[in-house]
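Shown below is the structure under consideration.
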Amino acid sequence: MEQARPVVEPLAEKAPEVLSALESPPDPATMVKVDAAVKIGAGTLLALGKAPRLASAALAASLIPTTFAAHAFWNEEDESTKAEQRIQFFKNLGLLGGLMIASADTAGKPSLAWRGKRAARLAAAEAERKIAEVSGTAERASGTVSGKTSELAGKASGVTSELAGKATGTASALAGVAAGSVSALAARASAAGSELTKAAEKKAAKLQHRATKRADKLRKTAAKRAAKLSKQAEARAAALTDLASAKSAALADRAEAFGKGASGIRDDVAGKAASFGGTVSDAAKDASGRVKALAR
């Protein structure tokens, strides 16, 4: 009973609406008795082969809380007890897997999925049959429409032939009228062409005369402009010649002054060299006398 309490009490707290429908909340002892009754009844039905899928589902549902209540190995502190409870826990998990497989086994009978697919195939076949019926009706209607269309086409052909005859006569009459109009227009166009040709010749002669006068005027203007530019060039050349002559004279004066300065510097240097040579000669003589004096 104490082993079932940790599982029953949390479930009672999480499902108050379901438990409120009962006269009194179930205690752990009652739940254990119910679990035992389910296991015995479902196990007996499964052993006898009566409602095996329902019996397997009931056993699987009752095995889950039993496993968590009786084999909670994670709450054990003793290692040997924890190992034993772990073995029992995984053993129950294996049993749970087998019961789930048994609850899904149809024993060769059609499953719900197969029945659903079969119903879908039958519905598709019925839909195809309906579509074929509708297609046949449409084909018959199409044949009727084709007959009516052919009849209307024959009538339209007759009307078209009649209209074509009338149009041919009208076209002939219009062609005659058009031919007369074209001849008149051609005569008028010929006369107008002669007048336009004469006007064009007069206009061309007038334009040629104006172009000749314009060319003479431009030629005279160009000659005057060339003469003016020639005079300006000559004056500019004379000014540049005078400037070059003045620059040349100034440079010659500067060169002459520089030559005179260089001559004075040369004479000064020559004088200083002569004076230095006399000093050196005197020093040499004095040194020679000293040498002779020392030699004695």
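The values are calculated or read from the model by the stated rules, or taken from the named source; none is laboratory data. Just so it is clear, the model here is predicted, and its values are computed rather than measured. Every residue, glycine as well, gets a Cβ built from its backbone with ideal geometry; the counts of neighbours run over all protein chains shown.
Consider the stretch 70-84. How many of its residues are assigned to a helix (DSSP H, G or I) and either surrounded by 15 or more Cβ atoms within 10 Å (Cβ to Cβ) or not hydrophobic (A, V, I, L, M, F, W, C) (or both)?
So the answer is 7.
May I pose another question? Report yes if some residue within the stretch 119-128 is closer than 30 Å to ARG53 by Cα, at pLDDT below 85, outside any helix (DSSP H, G or I) and of a type in the set (D, E, K, R); otherwise report no.
No - not one qualifying residue is present in the stretch 119-128.
Okay, moving on. Being touching a helix residue (DSSP H, G or I) at 6+ places or on another chain (Cβ under 6 Å) and β-branched (Val, Ile, Thr) is the filter here, so list the residues in the stretch 70-88 that pass it.
none
Give me a count of the residues in the stretch 36-69 that are in contact with a helix residue (DSSP H, G or I) (Cβ under 7 Å, 6 or more places away or on another chain) and on the phi > 0 side of the Ramachandran plot.
Looking only at that region, the number is 1.
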